Amino acid sequence: MTDLPRPPSFDLTGKRALVTGASSGIGQGCAVALAGAGAHVVCAARGAERLEATVAAMQAAGYSAEALPLDQGDLVALESALDGAAFDVVVNSAGLARHGPALETTPADYDAVMGGNLRSAYFLSAWAARAMIAAQKPGSIIHISSQMGHVGGIDRAVYCASKHGLEGMVKAMAIEWGKSNVRINTVCPTFIRTPLTQATFDDPERAAWIMEKIKLPRVGEVDDIMGAVLYLASGASAMVTGTSMLIDGGWTAD
């Protein structure tokens, strides 16, 4: 009789996951995806009220979740949050943008975007990996990056710089931590319809630009990202590290 290969498992039962930026949008979707696969999810975000509402809704739906009010840019608080039992999965969905012409970028804009999108991501990764390695357990670190980590964009010089930097950081960390079975990857969405991006979609000129660049006949939705994150968190992606999953509707195919 022919022996058939086993289908991959996306089950996360018994795993502990940390999701930053979990109070809304993509981060909230990531938290639900991991909890739906059986993980206990620590949901972290700055806004305590929205965070508590998200966790309450997850618990009411039967998911295992808890809230962790956290400003990821506060490195003392971030290190404290990661200085305990190692997480099996860490998803970084926190970040920010200050779009505008490069000639008008201020040092304050630059520092805010680079701090929120790269500096905090660097130390979140390092401290999460340190705990995983100390516990001698495999782990998966996932950053929500952007298609703008692979291309340029109008009025997005600082944002692109932060995301291109994130992509390079992930490749280097994957090389360093691979032998310890700690994986690190990025998910790179196109424009995803969330409360934060609705103003962009409401601008006819911007909306037309987006639809011109996306090759599929619609914009992205949060659930388009959830499957990618679940894949990278699970054993189904056990041989995947140091790379990016472009969920961009073909934007970067040009």
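Quick note: the coordinates plus some simple rules give every number you see, no bench work behind them. Since the structure is predicted, the reported quantities are computational estimates derived from the model, not experimental observations. Ideal geometry is used to build each Cβ from the backbone, glycine not excepted, and the neighbour counts take in all protein chains shown.
Annotations for the structure displayed:
- Farthest towards the positive end of the charge dipole of the chain, among the residues HIS150, PHE10, HIS164, is the Cα of PHE10, using unit charges on the Cβ of Lys, Arg, Asp and Glu.
- Cβ crowding within 10 Å, taken as a proxy for footprinting-reagent exposure, orders GLU212, GLU52 from fewest neighbours to most as GLU212, GLU52.
- Whole-number percent relative contact order across the chain, with pairs defined as alpha carbons under 8 Å at least 6 apart: 20
- Burial ordering of CYS160, CYS43, fewest other beta-carbon atoms within 10 Å first: CYS160, CYS43
- Listed by chain and number, the lysines placed with their C-alpha closer than 19 angstrom to that of LYS15 are LYS137; residues fewer than eight positions away on the same chain are left out.
- When only the Cβ of Lys, Arg, Asp and Glu is charged (+1, +1, -1, -1), the dipole of segment 34-123 relative to its Cα centre reaches about 200 debye.
- Per-residue ellipticity at 222 nm computed for the chain from its helices equals -12500 deg cm²/dmol, with DSSP H segments shorter than 4 residues left out and the rest contributing -39,500 (n - 2.57).
- For the chain, built as a Gaussian network whose Cα springs stay under 10 Å, the top-fluctuating residue of GLU49, GLU205, GLU167: GLU205
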